Every structure is written in structure tokens, then in C-alpha cells.
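Read the figures in this text as sums done on the coordinates, not as results from a lab. Because the structure is predicted, anything quoted here is derived from the model rather than measured. Heads up, the Cβs are rebuilt from the backbone with ideal geometry, glycines too, and the neighbour counts pull from every protein chain shown.
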Number of protein chains: 2
Amino acid sequence: MKFSVTILGSSAGVPTLSRSLPAQVVQFNERLFLIDCGEGTQVQMQKFGIKPHRISHIFISHLHGDHYLGLAGLLSSMNLQGRTQPLSLFAPYSLAEVLTLQFRSMGVVLRFPLHFFPLPMEQPAVIFEDDLLLVRCFPLVHLLPTVGFLFQEKPRERNLIKERLPKDMPFALLKALKRGENVTWQDTFYHAEEVTLPPPLPRSYAYCSDTLYHEPLAKDLQGVNLLYHEATFQEALADHALKTTHSTARQAAMLALKAQAKKLIIGHFSARYKDVSPLLTEARAVFLATEAVEDGAVFEIA
Amino acid sequence: MKFSVTILGSSAGVPTLSRSLPAQVVQFNERLFLIDCGEGTQVQMQKFGIKPHRISHIFISHLHGDHYLGLAGLLSSMNLQGRTQPLSLFAPYSLAEVLTLQFRSMGVVLRFPLHFFPLPMEQPAVIFEDDLLLVRCFPLVHLLPTVGFLFQEKPRERNLIKERLPKDMPFALLKALKRGENVTWQDTFYHAEEVTLPPPLPRSYAYCSDTLYHEPLAKDLQGVNLLYHEATFQEALADHALKTTHSTARQAAMLALKAQAKKLIIGHFSARYKDVSPLLTEARAVFLATEAVEDGAVFEIA
């Protein structure tokens, strides 16, 4: 089952010619989730082949402009392009007021349902759930109220070993075996562990931007497969990171290490860094399985 | 004296990979004026070498999103980059409310003075004047209240023919000659027309976007040196242009013809046109001195 993230923007605060403002698309199965929507996101989608009409959910981490100022334009364009299918928007509650006023002044009447869900900013919460996936938000530590997002695949069913099962076993019993339950059929006992294989381990992806280094996060994100953590500054600017409530690349790596993440990707780079390899070096010194993102990069979650 | 316009965005409604949303910069002498500020304008400025700190005035024609959604991001970036010099913003009055709410939700406190001037949307008015330049706004005909802008160089002084003047003539008399006044000095009469050359004719630039074809404009813009007129659609979509209160390329050319413009540039092309040469052909059939703009194009006003 497809589970990937496409980076649309990896600059912090101010866009550059090579890095747009924060936005990324998580694809899970056939579903696309947009996380943050900095100015320029709709053009980045065109550039990297993301169809806006396929986005079903948008999550906005916080209301600093670099994380949401592309939203009104994206929604207007969806409208102009004839979108009719509903869109769910999860964001800090005051965004509703901003968008409402913008659309009123623009004379825009959306022709598709936009369902607005104010995000709980103070404690972790499940904000999306279906048969296959859970999405949680959790508070980060930033100048404005800010949340991160954790995408968790649900445990999948065990896989049947068909050679070890009679062809005529009823579907209900097969389903029970897949759930790991033992069954009896025509006087034979079938031990689930003997006639099925365990499913792949559930995968997870966490988005942490913008935030101070915040060690308690490591517990909530324990064992995460892929961790995106902001790394706005080099360690030499650790004081400035603290002052502006951002993290250094080294701090991002420390969190990955403590969370026992399988892999770390760092982004949200200050526009002062034309070359981010020094940040990558600082992170890898702490956590080797680190990559620095570029706009357009796609990471499979595995 | 430098008088030019740089096109930052030439798409209508929705950006494309080759055309950003409406924005252009008029340079007059050392001063830069930004007209409209669609999403992506700050990146276009980087791309085409326009320094945001040099912009002293911003004029927003109307509040459709494609003409102003880049503004909050541009102002935030100016702030982040340490701007301290004042900025004058001329826009429909309700933009003040939108920006105020956006900045409040973003926690942004501008560290430079932003002077907001609500534009008169119903009748022509002078909105800027200094020794060298006048800027007027005038109503266009569009779905939302919309204005165009006319930049008019003021008549310049006559040029002295030094060989025909005594070296010791006082400065005040020279100034009088430059103004075209005749003077007497040491019993000699100097006829201004004999000892000075006429100045270059004052130049002008008009920006008309978005608007229906509106013939009365031709009178106000009579003899304009350079006319930018929107040309959203081909003539085959004239009905659609009427319905959406836009112009066809042919209508833009008709206005240039009736205004006896020296040159016409067309833009604000619907994103459906990957190739705008058919629009250019339609316009040139009516007004030969027409060019279709591209992002990054610079036009000298002469």
C-alpha cells in the first residue's frame, strides 16, 4: 500500500529560488493529505505533478504566514477549476475567520463543501481515522500555538498461507484467522500462527515543524518510521534558534535518536543557507540515517 | 530618466509554470512602484532582480485573489528582512481589514510604517505626485470595483543651448529660460525659443486590468506612450469575456487604437492558452504595435 511524502516547500519564513515555503503531500493508499500550504504551494503542485482535486484533507500546523498564505489561492483555484468534491480543512480556529473575510472581500463563493475543523492545539488528539489509517495531532513548542501530525497505518491483517488451508473453508473463518484467531473447521483445529503469516509492521510518519527541541516528543513518536523535523539553523545559531523557537539540525537529530526513528528528514531551512550540507553533517554526527530534503523530493515510508 | 515596467506575472486567475499571477513593477527615475501582487510575487522579484526594499508604493487594482494574495507574504518578508523605511499601500479599503486580521492571526507586528490609502474606486483621482511624476487611478468595469493606473511624467524643463548664452547669466534667469520664459540681461533680450531646446515630450504608462472593453477609457488615455491592457481571452470566447467582465485581445487592441497609444502590451492571459500567439495575431490585426508580455519582460516607456 502506497505511503509516501512529497516535499513541496522546504524554506523557512522567506522563499528562495530553489526552496518554496512549507508544504508537503502525504499519500496513503489513494488518498492525498496536504500538510501546510505556504505561498506558492499551488505552483509547486503543478511542478511536481500533484493534482489539487485529489487532495481530500488539508492540515495547517500553525498560523505563521509561511505555513498558510498559499491556502486562499489554492482554494480559489480549486473553485475556478470546478471542484465539487468536499474538502476537509484542519487548522487553528482563527483561520476560519481569516478565510471567510478573504473570500468575502474577493467575492468568492466556494462551489464545493469546505468542512472546517478547528484543531485542538493543547493536547494530542485523533483528527482522522478510517479502516487503514489514523492521523493524530500533538502540540509543539513554538511562538504561536502549533501542532505536529502523526500518520499511523493501522495494523494490517495476517496473510493466509493458502496451501495449509482447505479450499472450502468459509469466509468468516478465514477472516477470523486473518485477525489472528484460531478456528475449528470439520473437526480440524487451525492455529492461526501456523496457517497465516504476520502482516508487515504498521508504518508511521511524523511531521514536526515549527518547534523548539522538545524531548517529550520522543516518547509519543517512539519507533516512527520516518520523522520530518524542522532544522532551521546550524548549531552555531543555537541561541537564535532558542530565541525564535526553532531547532538546529543537531537537535532534530537528537530527537530522532531518542525517538528511535528509522529515518530522519530535515527541512525548513533558513533562507541564509544556500548550501545545507553543513546542517546535514551536523545532524548525521548524531543520527546517521538523516537526509536533507529538497523541493520535489519523494520519500517512501517503509 | 529611467521609465520602464517589468512584468512579474501575466497569468489570469490561476498561475501556470511559465506565468505567475498579476504583478508588475514600474520604475520611474530611482523610484519603484509595485502594481498588484498576486501569489508568488516575492519569488518573481527574486527571479527578475527586483529588490523589495526599493519598492516605495504598492497599488492594488482590486481584490480578486489573483491580484493581491501575494501581499501578506511580501510584507511579512520585508519585515523579516529588516525593512524600516515606510511603504505606502493604495488599495480598495477592505484590504486593510483583511491584512489587519491576517497579521493579527500570524502574530506579525510590522517594524516599518505601512501607510494605507483607500483608493477612490468611483472616479478618477490623483493618488501620487512629486516634482517629476503624477499617478492617477481611474475606474474600470469589472465584477468587483476595480481601478486602472496612469503614470504621467510631468513636462520637463527646456534644455539650455549654452553657446548662445553668456557664461555669467544668473541662475534665476537660466531657470526662467528653462521654464520657457523670455529674459533680459545686460540690455540684451533672450527669447527662450532661440536659446533653449524643447524638452522631450512627457511620457506615460497606463495599466488596465481587469476590465471589460470600455471605450470611454480611450479619451482619458489619449496619446498614452505605453498601454498595458488585459487580454484574457481570444475573440472566439468574447461571450465568456463579457460574462466574466474581461476583454479579448482584439478589444484590447481596439482600445489602444482609439486611445492613439504609441504601443500596446497585452497580458493577463487565461491559463488555457499555453501559446498566446493567436491572441497576439488577433490584436495586431487591429493595432500593429502590440506585444504579448512574458514574465520577466521589461518595457521601456518612450
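Here are a few things to note about the model shown:
- Shielding value for B:59-72 is 4, the average number of Cβ atoms from other chains within 10 Å of each residue's Cβ.
- Using a 7 Å projection from Cα along Cα-to-Cβ, the label point at A:TRP185 is separated from the same position in the remaining copies by 11.4 nm, smallest value first.
- Length added when fully stretched, B:LYS178-B:LEU17, from 0.36 nm per residue minus Cα-Cα: 52.9 nm
- Rounded to whole numbers, the Karplus 3J(HN,Hα) couplings from phi for the stretch B:182-199 are 7, 9, 10, 9, 6, 6, 10, 8, 10, 8, 3, 5, 8, 10, 9, 9, x, x Hz, using 6.51 cos²θ - 1.76 cosθ + 1.60 with θ = phi - 60°, and x at Gly and Pro.
- Neighbouring Cβ atoms from other chains, within 10 Å of the Cβ of residues in B:85-98, number 1 on average.
- Projecting 7 Å from Cα along the Cα-to-Cβ direction, the label point of A:PRO216 sits 6.5 nm from its equivalents in the other copies, listed shortest first.
- 3J(HN,Hα) from dihedral phi, the stretch B:142-153, Karplus parametrisation 6.51/-1.76/1.60, rounded to Hz, x for glycine, proline: 8, 4, 9, x, 9, 10, x, 10, 10, 9, 10, 5
- The local environment of B:GLY70, defined by Cβ-Cβ distances under 15 Å, has a net charge of -4 under the rule Lys, Arg +1 and Asp, Glu -1.
- Residues A:ILE35, A:ILE7, B:ILE266 in ascending order of nearby Cβ atoms (within 10 Å, fewest first): A:ILE7, A:ILE35, B:ILE266.
- The H on the amide N of A:ALA292, modeled in the peptide plane, is under 5 Å from the matching H of A:ILE266, each at least 5 residues off or on a different chain.
- Counted by Cβ distance under 11 Å from B:ARG104, the other residues give a net charge of -2, where Lys and Arg count +1 and Asp and Glu count -1.
- The stretch B:47-63 - phi-based ³J(HN,Hα) in whole Hz, Karplus 6.51/-1.76/1.60, Gly and Pro as x: 4, 10, x, 9, 8, x, 5, 7, 6, 10, 9, 10, 10, 10, 5, 6, 9
- Contour minus Cα-Cα distance for B:HIS53 and B:ALA285 (0.36 nm per residue): 79.4 nm
- Size descriptor for the protein assembly as shown, Kirkwood hydrodynamic radius: 27.3 Å (Cα pairs only, one decimal).
- With Cα atoms, 0 to 90° folded angle of helix B:249-258 axis to chain B main axis: 20 degrees
- Summing Lys and Arg as +1 and Asp and Glu as -1 over all other residues whose Cβ lies under 12 Å from the Cβ of B:ASP210 gives a net charge of -3.
- Cβ-vector label at 7 Å, A:SER94, separations to other copies in nm: 2.2
- Exposure proxy shown here: for A:HIS214, A:HIS115, the number of other Cβ atoms within 10 Å sets the order, fewest to most, as A:HIS115, A:HIS214.
- Peptide packing for A:288-299, B:180-191 was compared via the average number of neighbouring C-beta atoms within 10 Å per residue; ordered from the highest value, the list is A:288-299, B:180-191.
- In chain B, the longest principal axis of the Cα atoms and the axis of helix B:94-106 are about 60 degrees apart.
- Once the Cα atoms are used to define both axes, helix B:71-80 deviates from the longest principal axis of chain B by about 70 degrees.
- As a rough footprinting exposure proxy, the listed residues B:SER270, B:SER11 were ranked by other beta carbons within 10 Å of their own, and the order from fewest upward is B:SER270, B:SER11.
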